[in-house]
Amino acid sequence: MTTDQPILEVRGLQKQYGRHVALAGIDLKIAAGELVFVIGPSGSGKSTLLRCLNRLEEPDHGQILFEGQDMSGKKNDLNLLRQRVGMVFQAFNLYPHLTALGNVTLAVRKVLRKSREAADAIGLAALRQVGLVEKAGSYPNELSGGQQQRVGIARALALEPKVVLFDEPTSALDPELVRSVLEVMRDLKRAGMTMVVVSHEMKFAREAADRVIFMAEGAIVEQGPPEEIFSHAREPRTRAFLSQVGA
Amino acid sequence: MHALVDQFFNVAIMAQAMPIMLRGLGWTLVLCAVAVPCSFLAGVLIAVLGTVRFAPVRWLMVIYVDLLRSIPPLVLLILVAAALPFAGIRLSPFAAVLLALTLNASSFYGEIVRAGIESIGTGQWHAARSTGLSYAQSLVHVILPQALRNVLPDLASNTLEVIKLTALASVVSFQELLYSADMARSVTYNSSPITLAALIYLIFLWPLVRLIGRLEHGVKA
Amino acid sequence: MDGGAAFVDAFFKPALIARYAPEIVSGVGQTILIASTIVLTGLVLGVTLALIRSLRLPIATVMIVIFADVLRAVPPLVFVLLVYFGLPNVGVTLSAFAVLWLVLSLVLAAFVEEIVWAGITSVAKGQWDAARSTGLNFATTLRDVILPQALRLSIPPLTSRTIAITKNTALGSVIGVPEILNQATSAVSFSGNATPLMMGAIAYVVLFLPVVIFGRWVETRFAWRRA
């Protein structure tokens, strides 16, 4: 979509668990401001790819480049990559012993080394962005699933990342709570955030994604604009998957 | 280094002490075989009495459990062995140890089983009673099996404690494993028999320690 | 003399209560002193071992597991006798107080290590993921995310285990630490009467009953966490 250097790029990414090949050599470029949707059957390596992008999972081979800089290898400051590439989890993974604000500000204080006051201001702004500033003092178990996930998003946003990874952000939610989370993601897209989303929300993919990637067996089978993938998929495997999920 | 080995790992002295210590081990096993079931059954009884509708009985059980849990087992043993004779009650060392162990361990088993019974929802009681089972039948066939399974790690862990407590019997000259080892030590002026006793306890109890660890993790998963 | 008076005379003789009250009180002081040093040492050492274990260094882990298993499997009295009678023969002489402190602190540390380690491993893996995904390093993740949750899970078993070990201070009487039981039994042999022993037993109840009741409160307070 732009001729600029990609904000995030992976080259020849491979990952194996024992004899199971999770990623069989992935090449991918993500442009700034792009919303990339990754779909595919379970076990296709989508989540592993996502977790490799901020090195929660260590790839066996391949390179990860952030703004053209190689971030793979032991020498690099992992925590720097992770500050710039935020992540939102399927199970929210909120810290149960901290309030919503505490969840959002922990890394702001410990990684960005802000004072408590400065961190609170940043945290409240992030909570405002997801529409939960009035829940700042609530503990995770006092929040609905949708609210918890929005706190999870605020936690990622508070570090002012350049990219946010979403790992099935709505699949643990009741249907009526999904909308509020997608709404926040839509707002982020409008604000120009670069996002990589693994999800089964095909309707959302169709209207919001810039690009849809279909993965199977650890490889990218096909990619393109949502219209092309959803209506004119070339690969039989893509068509079979899409008809199976009813998209 | 040599002195250390000679004092704690003297094989010749260990071999010499072995026969008397094996006899001691036999008594330790007998004590466990009697004390563990006795205190467990007493504990179940205490827990069940703790659930009856008549409040004074429940209070009595709470008092029994808390009182006995606040007296160190060795103090209880000395009370039974040294104070009861002043009331004209003379128990054999074996009976004194058994009584003290049962009083102590039953209070812990009781508390564990009570927690197990409380972990079973009233739905199970309602279901059992609605099919015509009596209170006692519901308890025996529906509630207790589930309750005991829920607290299995705690029961196993308390059983380990009861077995280790049998070593206190040496203080009142009951000739179990540790007493025999200490006899051998005082005759030889060498601590190797105590080391041997530690090794014997380890051989018997290490599998139980591992089992408890696995039970605790299994329940969590 | 009727039965009641004989009973009082054998178990609660007023003259003996007055005579031995100072001894029992000094025993209470010793028991509190040694119990609190054991609790402090055992908790600090046990939590430290659990933290070291979380680094997952193979050799350290094996050594910690062996330490914890041995100290949990063998009766503490065995170690007390081993250290108290064995060490002087190799030229190391520790006071009875030091022996009791050392042995019971190590035993408590073994249990604390296992309890806290179980707490650490039972914190969901997603918590590590979340913390690491925001750039927190290992030490900060452990201190600010994992340990608070692990300790909270560990509070009920830690409480009951700590109470159990502090009651073991009575083992000190076997090697002559002048704690409650020791004071009481020597007074019994001097006076030929059970009264000092009853005083000792009551002193233990006064000392530990509140602790036991507190432990029961802790169990119910944190019980929802375990289910």
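The values are calculated or read from the model by the stated rules, or taken from the named source; none is laboratory data. Given the structure is predicted, the values throughout are model-derived calculations rather than measurements. Don't worry about glycine lacking a Cβ; one is built from the backbone with ideal geometry, like all the others, and counts go over all protein chains shown. Accessible surface areas use protein heavy atoms only, side chains included; no ligands, DNA or RNA. Shrake-Rupley method; radii C 1.70, N 1.55, O 1.52, S 1.80 Å.
FRET efficiency for the pair A:Val245 and B:His141, taken as 1/(1 + (r/R0)^6) with r the Cβ-Cβ distance and R0 = 45 Å, rounds to 0.40. Modelled spin-label separation between A:Lys203 and B:Thr188, with each label point placed 7 Å from Cα along the Cα-to-Cβ direction: 8.2 nm.
For A:Ala22, the residues whose amide H sits under 5 Å from its own are A:Lys15, A:Gln16, A:Tyr17, ignoring neighbours fewer than 5 places away on the same chain, with H placed 1.01 Å from N.
Taking chymotrypsin sites (Phe, Trp or Tyr not before Pro) as exposed when DSSP calls them loop (any state but H, G, I, E, B) and at most 15 other Cβ atoms lie within 10 Å, what is the longest stretch of chain B free of them, the sites themselves excluded? The longest uninterrupted stretch comes out as B:55-188.
Shape summary of the range C:1-116, radius of gyration then Dmax from alpha carbon positions: 20.7, 72 Å.
Per-residue accessible area (protein heavy atoms, 1.4 Å probe) orders C:Asp144, A:Asp70, C:Asp2 as C:Asp2, A:Asp70, C:Asp144, starting from the largest.
Sequence-ordered 3J(HN,Hα) estimates for the range A:78-87 from the Karplus curve with 6.51, -1.76 and 1.60 and θ = phi - 60° stand at 4, 5, 5, 4, 5, 5, 8, 10, x, 9 Hz, glycine and proline given as x. Considering only B:Leu84, B:Leu196, B:Leu155, the mean-square fluctuation computed in a Gaussian network model of chain B, springs between alpha carbons under 10 angstrom, is largest for B:Leu84. Here the label points at B:Leu208 and B:Arg129, each 7 Å from Cα along the C-beta direction, are separated by 3.8 nm in the simple model. In the range A:103-147, burial by the other protein chains removes 40 Å² or more of accessible area from A:Leu106, A:Lys110, compared with the chain on its own (1.4 Å probe, ligands and nucleic acids ignored). Highest GNM mean-square fluctuation, chain B, Cα pairs closer than 10 Å: which of B:Ile13, B:Ile112, B:Ile194? Of B:Ile13, B:Ile112, B:Ile194, the Gaussian network model singles out B:Ile13 as fluctuating most. For the pair the range C:49-98 / the range B:88-128, the C-alpha centres are spaced 32 Å from each other. Averaged over its residues, chain B has an accessible area of 48 Å² per residue, based on protein heavy atoms and a 1.4 Å probe. Using a 1.4 Å probe on protein heavy atoms, which residues of the range C:135-162 have at least 10 Å² less accessible area in the complex than alone? With the partner chains in place, the range C:135-162 has these residues losing at least 10 Å²: C:Gly135, C:Leu136, C:Asn137, C:Thr140, C:Arg143, C:Asp144, C:Val145, C:Pro148, C:Gln149, C:Arg161.
Kirkwood radius and radius of gyration were both taken over the C-alpha atoms of the range A:145-213, and their ratio Rg/Rh is 0.92.
What the Cβ-Cβ distance of A:Gln16 and A:Arg237 gives, at R0 = 25 Å and to the nearest 0.05, is a FRET efficiency of 0.70. Legend: P(r) of chain A from all alpha carbon pair distances, 10 Å bins from 0, whole percents, reading 8, 31, 36, 21, 4, 0. Excluding same-chain neighbours fewer than eight residues apart, the aspartates and glutamates reachable from A:Lys29 by a Cα-Cα span under 16 Å are A:Asp4, A:Glu9, A:Glu67, A:Asp70, A:Asp210, A:Glu222.
Across the range A:1-122, Cα-Cα pairs more than 26 Å apart make up 32 percent of the total. Could you work out the local net charge near A:Glu57, counting Lys and Arg as +1, Asp and Glu as -1, over the other residues with Cβ closer than 14 Å to its Cβ? Net of charged neighbours comes to +3.
Rolling a 1.4 Å probe over the protein heavy atoms of the protein assembly as shown, with every protein chain left in place, gives an accessible area that is 63 percent carbon and sulfur. Note on A:Gln69 and A:Arg128: their simple-model spin labels are 3.0 nm apart, each label 7 Å out from Cα toward Cβ. Remark: for residue pairs A:Lys114/A:Lys203; B:Lys164/C:Lys125; A:Lys46/A:Lys162; A:Lys46/A:Lys114; A:Lys15/A:Lys110, the C-alpha separation exceeds 28 Å in A:Lys114/A:Lys203; B:Lys164/C:Lys125; A:Lys46/A:Lys114; A:Lys15/A:Lys110.
Over the range B:1-134, the reciprocal of the mean inverse Cα-Cα separation, the Kirkwood hydrodynamic radius, stands at 18.3 Å. Based on every Cα atom in the range B:175-221, Rg and the maximum pairwise Cα distance Dmax equal 15.7, 51 Å. For C:Ser189, neighbours were defined as the other residues whose beta-carbon sits under 15 Å from its Cβ, and their charges (Lys and Arg +1, Asp and Glu -1) total 0. Computing FRET efficiency as 1/(1 + (r/R0)^6) for B:Val5 and C:Val65, where r is the C-beta to C-beta distance and R0 is 22 Å, gives about 0.35.
Annotation: Cα Rg of the range C:19-221 relative to the compact-globule expectation 2.2 N^0.38 Å equals 1.22. Buried accessible surface for the B/C pair, both sides summed and rounded to the nearest 100, is 3800 Å² with a 1.4 Å probe. Working value for the range B:59-217: equivalent-ellipsoid semi-axes of 38, 22, 11 Å, each the square root of 5 times a Cα gyration tensor eigenvalue, largest first. Treating each Cα of the protein assembly as shown as one equal point scatterer and applying the Debye formula with no solvent, the log10 of I(q)/I(0) at q = 0.10 Å⁻¹ comes out as -1.01. The gain in end-to-end length when the C:Leu57 to C:Ser95 segment is fully stretched comes to 10.1 nm, 0.36 nm per residue minus the alpha carbon separation. When A and C come together, around 1700 square angstrom of accessible surface is lost from both chains combined, probe 1.4 Å. Accessible surface calculations at 1.4 Å, restricted to protein heavy atoms, place the range C:49-164 at 36 Å² per residue.
Summed over qualifying helices (DSSP H, 4 residues or more, each -39500 (n - 2.57)) and divided by its residue number, the protein assembly as shown shows a 222 nm mean residue ellipticity of -20500 deg cm²/dmol.
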